[in-house]
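Working notes, beginning with the structure itself.
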Amino acid sequence: MHRLLAAALTALCAAALAVGAALGIVAILGATPEQPNTPLISYEQAQQGR
């Protein structure tokens, strides 16, 4: 019975640690600022004179 209780507590602690790590990663990713979507190369549009 003692081993079953130890295994259950270990599984519970591992699950809580995994959930905490996942929430921490989501919080870190949500805290980063949005990067501007500017192109590195821009091409001039050719003017078609008629």
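The values are calculated or read from the model by the stated rules, or taken from the named source; none is laboratory data. Everything numeric here is computed off the predicted structure, so don't read it as measured data. For neighbour counting, all protein chains shown are included, and Cβ atoms are generated from backbone atoms with ideal geometry for every residue, glycine included. Areas reflect the complete protein model, heavy atoms only, side chains present, ligands, DNA and RNA absent. Shrake-Rupley method; radii C 1.70, N 1.55, O 1.52, S 1.80 Å.
Since ASN37 meets every condition but one in (1) modelled with pLDDT of 80 or more; (2) in a loop (DSSP other than H, G, I, E, B); (3) open to solvent by less than 90 Å² (accessible area, probe 1.4 Å), which condition does it not meet?
(3)
Might you check whether a residue that is open to solvent by less than 90 Å² (accessible area, probe 1.4 Å) and either in contact (Cβ under 8 Å) with a residue 60 or more places away in the chain or among the hydroxyl-bearing types (Ser, Thr, Tyr) (or both) occurs anywhere in the range 14-29?
No: the range 14-29 contains no residue that is open to solvent by less than 90 Å² (accessible area, probe 1.4 Å) and either in contact (Cβ under 8 Å) with a residue 60 or more places away in the chain or among the hydroxyl-bearing types (Ser, Thr, Tyr) (or both).
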